[in-house]
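The values are calculated or read from the model by the stated rules, or taken from the named source; none is laboratory data. Just so we're clear, the structure is a prediction, and the values are computed from it rather than from any experiment. Glycine also receives a Cβ, built like all others from the backbone with ideal geometry; neighbour counts cover every protein chain displayed. SASA here: full protein model, heavy atoms, side chains in, ligands and nucleic acids out. Shrake-Rupley method; radii C 1.70, N 1.55, O 1.52, S 1.80 Å.
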Amino acid sequence: MLKNKVALVTGASRGIGRAIAVELARHGADVIVNYFNDEPRASKVADEIKALGMKSIALKADVSNFDEVSKMFEKIKGEFGKLDILVNNAGITKDRSLKKMAQEEWGKVIETNLGSIYNVTKNALPMMQKDSRIISISSIVGIYGNFGQANYAASKAGIIGFSKSLAKELGRHGITVNVIAPGFIESEMTKDIGFLKKKILTYMIPLKRSGMPEDVANLAAFLASEKSGYITGQVIRVSGGLVI
Ligand code: NAP
């Protein structure tokens with residue numbers, strides 16, 4: 001399904017990014033595994049992809065830093081020569097009610113989650129041709145908002161506005177731009193949610209379970225494929241039906 005395609009997944013050393021990177025490789029794509037801190041885990045993901053018979057490298061870059069991202073793309077150009085699929089996945093949280101939120105906590109989340117979307121997509125576009133795919137990971141929090149997450153919600157809502165605009169700009173070039181909005185997915189990002197809160201959240205989910213990274217990866221693989229060719233500018237929830 002993705003034979004001869006080259007994909008970049010940001011923040012792919014673990015969690016949802018890792019699952020997407022592996023799923024794209026399973027469908028035949030060569031995959032660049034971007035990471036920031038965790039070189040050993042990112043290399044392990046690249047090894048996992050190579051074991052599937054695909055080409056892969058782990059590349060370090062802080063996606064909130066435009067120069068680092070540009071340098072990463074020089075390497076991608078040298079190694080792969082093109083990019084067909086971009087998955088903007090890297091993200092962080094720094095939760096606090098606005099009353100207590102420091103400017104640094106606001107800025108860091110906006111720069112990492114939303115600034116990165118500009119930094120990475122801007123560098124990726126010159127390497128993308130007709131039928132390429134841009135997929136960005138937002139959150140249902142970007143749609144509904146959430147107590148203690150004004151910074152995160154603003155960054156994730158920003159991704160939606162960015163992507164809807166870009167879909168209009170790139171349609172004529174045959175490039176689709178879509179957003180995945182996951183709900184409550186098991187990962188390191190959510191591992192510290194308390195037992196009681198987890199129970200309440202799960203109760204609120206119509207499908208009565210938290211999501212797994214693979215649930216998100218399955219949709220990403222579909223959106224990356226030619227089968228999604230007439231879908232652009234959309235926000236698709238992978239949330240078990242959760243409305244917060
Ligand atoms: P995670 O387990 O915490 O993984 C985050 C990934 O992002 C790691 O690979 C990390 O790399 C990378 N990263 C963080 N800052 C980075 C930076 N500045 N530059 C490059 N990479 C960076 O989180 P996750 O749950 O898989 O979340 C993935 C995405 O899904 C995020 O955008 C998140 O907001 C979104 N999401 C998650 C949930 C959920 O319930 N888990 C729900 C909705 C949306 P290193 O380890 O190398 O630093």
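Mean residue ellipticity at 222 nm, helices only, the chain: -13000 deg cm²/dmol; runs of at least 4 DSSP H residues each add -39,500 (n - 2.57), and the sum is divided by the number of residues.
Karplus-based coupling profile of the stretch 11-27, in residue order and whole Hz: x, 9, 6, 6, x, 5, x, 4, 4, 5, 4, 5, 5, 4, 5, 4, 8, with θ = phi - 60° in 6.51 cos²θ - 1.76 cosθ + 1.60 and x standing for Gly or Pro.
Rounded to 0.05, the FRET efficiency of the Lys199 and Tyr118 pair, given R0 = 35 Å and the Cβ-Cβ distance, is 0.35. Using a probe of 1.4 angstrom and keeping all protein chains present, the accessible surface of the stretch 176-244 works out to 56 square angstrom per residue. Solvent exposure of the stretch 41-91 amounts to 48 Å² per residue of accessible area, where only protein heavy atoms count and the probe is 1.4 Å. Ligands, DNA and RNA left out, the accessible area of the chain computed with a 1.4 Å probe is 54% carbon and sulfur.
The H on the amide N of Leu59, modeled in the peptide plane, is under 5 Å from the matching H of Val33, Asn34, Tyr35, each at least 5 residues off or on a different chain.
Between Ser97 and Glu79, full extension at 0.36 nm per residue minus the direct alpha carbon distance yields a gain of 2.1 nm. Take every pair of alpha-carbon atoms less than 8 Å apart whose residues are at least six positions apart; their mean separation over the length of the chain yields a relative contact order of 20 percent.
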